[in-house]
1. Can you give me the number of residues within the stretch 510-529 that are touching a residue at least 40 places away in the same chain (Cβ under 8 Å) and part of a helix (DSSP H, G or I)?
2. In the set Leu398, Leu437, Leu418, which member is among the aliphatic types (A, V, I, L, M) and under 26 Å from the mean Cα position of the chain (by Cα)?
3. Can you find, within the stretch 290-330, the residue that is nearest to ligand 1 (Cβ to nearest atom) among those that are surrounded by 23 or more Cβ atoms within 10 Å (Cβ to Cβ) and of a type in the set (D, E, K, R)?
4. Within the stretch 417-446, count every residue that is crowded, with 20+ Cβ neighbours inside 10 Å, more than 16 Å from ligand 2 (Cβ to nearest atom) and aliphatic (A, V, I, L, M).
5. I need the full set of residues from the stretch 331-340 which are open to solvent by 50 Å² or more (accessible area, probe 1.4 Å) and either within 16 Å of ligand 2 (Cβ to nearest atom) or within 16 Å of the chain's Cα centre (by Cα) (or both), in order please.
6. Among the residues in the stretch 301-312, are any within 16 Å of His357 (Cβ to Cβ) and out of contact with any His (no Cβ under 7 Å at 6 or more places or on another chain)?
7. Pull up the stretch 121-145, narrow it to residues that are of a type outside the set (Gly, Ala, Ser) and touching an Asp or Glu at 6+ places or on another chain (Cβ under 9 Å), then point me to the one that is nearest to Glu209 (Cα to Cα).
8. Counting only residues that are assigned to a loop (DSSP other than H, G, I, E, B) and aliphatic (A, V, I, L, M), which one in the stretch 26-53 is most open to solvent (accessible area, probe 1.4 Å)?
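The values are calculated or read from the model by the stated rules, or taken from the named source; none is laboratory data. For clarity, every value in this text was computed on a predicted model and none was experimentally measured. For neighbour counting, all protein chains shown are included, and Cβ atoms are generated from backbone atoms with ideal geometry for every residue, glycine included. Accessible surface areas use protein heavy atoms only, side chains included; no ligands, DNA or RNA. Shrake-Rupley method; radii C 1.70, N 1.55, O 1.52, S 1.80 Å.
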Amino acid sequence: MGNTIAGTPVSPGVAVAPIARLAPPPGLPADSGPEADVSAAVDKAQHALNAVADELGARAAATSGPASDVLFAQSMMPRDPALAIQIKAQLETGKSLPHAVVGAFGVFRSALEAAGGYLAERAADLDDLANRTIAEILGLPMPGIPNPGHPFVLVAADLAPADTAMLDTNQVRGIITELGGPTSHTAILAKSLGIPAIVACTEAASLEEGTTVLLDGASGKVRIAPSQEEIDGATAHAEQLARALAKSSGPGKTADGVAVKLLVNLGAPNELEAAAAADSEGVGLLRTEFLYLSKVTAPTVAEQTDSYAKVFTAFEGRKVVVRTIDAGADKPLKFVDHGVEENPALGVRGIRLTKRHPDMLTDQLTAIAAAAAQSSAEVWVMAPMVATPREAAEFAALAHEHGLQVAGTMVEVPAAALRAHQVLAGCDFASIGTNDLGQYTMAADRMQGELAELLDPWQPALLELVHQTAQAGKDAGKPVGVCGEAASDPLLALVLVGLGVTSLSMAPASIPAVRVSLAAHSLAQCSELAKLALTAESAAQARQLVSDSSQSIA
Ligand code: PEP
Ligand code: MG
């Protein structure tokens with residue numbers, strides 16, 4: 001019988017599979033000088049290059065969608081005979097084999113970067129290939145997303161958003177990270193892909209490769225080496241809940257028929273299909289920066305128009321709220337000059353980058369307007385990280401000039417919530433980003449798993465700011481939604497609606513439970529629950545009070 005370990009639940013669902021770890025890139029040993037037998041070293045390098053190409057090719061064949069295309073393109077590169085020739089040339093200058101490999105890949109990397117455009121974008125792939133080739137030569141585990149040849153639960157110290165965006169959902173059944181916060185962008189991506197996930201699970205560091213685990217993404221528990229009975233019980237419960245939720249459909253409304261728009265959050269391109277298929281009224285948050293995580297040069301207006309048109313086409317006739325690029329902090333973009341910042345979360349990120357890169361915003365608005373003109377989707381735009389009424393008004397005016405009629409502001413900086421009346425006076429709507437609003441209200445880094453309690457979206461201080469913003473919306477007659485992770489909690493959704501929020505945007509998989517919860521409560525009941533939450537002394541007490549007073553749906 002196994003043990004149970006626990007972390008912070010971030011994406012619901014049950015997964016049962018052996019674990020496989022994300023291996024770090026291999027350390028480069030000190031250069032031991034010339035190889036005694038250069039031709040044997042070249043053979044060894046060729047063997048390693050072939051093995052890397054074979055492995056990537058096999059993964060491409062076993063994967064579908066954009067991940068497969070990227071893997072296939074990557075698998076072709078090690079087969080280029082010019083690489084082995086360059087490795088030989090590097091060996092002949094007296095380098096040891098691992099250093100000759102790094103040198104050879106470096107030559108091609110510089111050439112690709114110099115070529116610019118699409119080729120420059122592939123330069124970063126060469127670093128990954130060099131690391132893989134060196135790992136093969138040194139007999140170390142392959143770095144990056146593992147490929148055990150069967151479905152697995154991915155375990156990692158942490159994952160970068162770029163790693164998560166490329167995950168093959170057929171293979172990766174669940175995710176456990178040792179670090180990370182519940183509103184980290186990795187957690188958000190996992191949730192959007194519908195992969196059960198747990199973060200801040202420190203004990204996962206001691207899980208042995210290949211151990212079967214039963215992961216419950218709703219409770220945050222991981223059962224190690226579960227019995228068949230435990231697996232059957234957890235799977236049956238998850239299926240029963242899914243069947244109950246599948247019966248709900250249609251627009252969101254309270255028990256007394258007050259409409260609350262239920263929308264989806266969308267980011268990486270591989271989320272589009274599932275997001276469009278979800279029973280929602282549209283997209284409440286299109287995180288456009290997720291479309292360009294791997295690009296090293298700024299996307300052109302034409303490329304951007306194409307990306308947005310794909311989304312608008314998938315959501316014809318529905319609403320799509322496009323957030324302009326929110327680069328910086330944990331989402332650095334390679335084509336943006338982020339400079340060196342001591343505190344990137346408090347730095348030049350989101351709308352603040354406009355002064356440094358004015359074209360980035362105007363190009364993006366041009367592209368959104370062009371794509372919107374070809375579609376019947378109802379396109380709104382909004383700016384991230386707005387702190388002052390002036391920033392909100394300037395953004396809205398610029399968007400209007402570009403022909404985008406509805407332009408709003410994300411409220412994720414406490415200053416914007418405190419001055420919500422003035423912010424809303426200069427724009428058309430607000431959307432509350434509770435992830436960042438929580439981070440900045442509580443002065444707690446959202447990536448920091450240890451601060452999960454402060455980052456809890458039930459914190460009464462955060463709810464107070466949501467209330468203030470929603471009331472400003474009511475006074476101005478302008479919509480105020482929530483698009484942070486708070487919106488996906490069926491119980492907290494009641495409180496948000498009671499505080500005056502008019503729409504909720506969340507990962508597609510979260511919509512049914514929120515719809516069912518809303519349908520079981522009148523607006524007056526939601527208001528009562530909101531009052532209770534505001535009187536609480538802590539996040540835990542707010543959750544408890546509301547849970548005790550609401551109609552359970554579990
Ligand atoms: C937020 O901050 O709540 C939000 C929705 O934006 P992101 O999570 O992308 O920072
Ligand atoms: Mg944010």
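1. 13
2. From the options Leu398, Leu437, Leu418, the qualifying one is Leu437.
3. So, considering only residues that are surrounded by 23 or more Cβ atoms within 10 Å (Cβ to Cβ) and of a type in the set (D, E, K, R), the one nearest to ligand 1 (Cβ to nearest atom) is Asp326.
4. Final tally of qualifying residues: 2.
5. Pro332
6. So far as the stretch 301-312 goes, yes, one or more of its residues are within 16 Å of His357 (Cβ to Cβ) and out of contact with any His (no Cβ under 7 Å at 6 or more places or on another chain).
7. Pro141
8. Looking at the filtered set, the residue picked out is Ala36.
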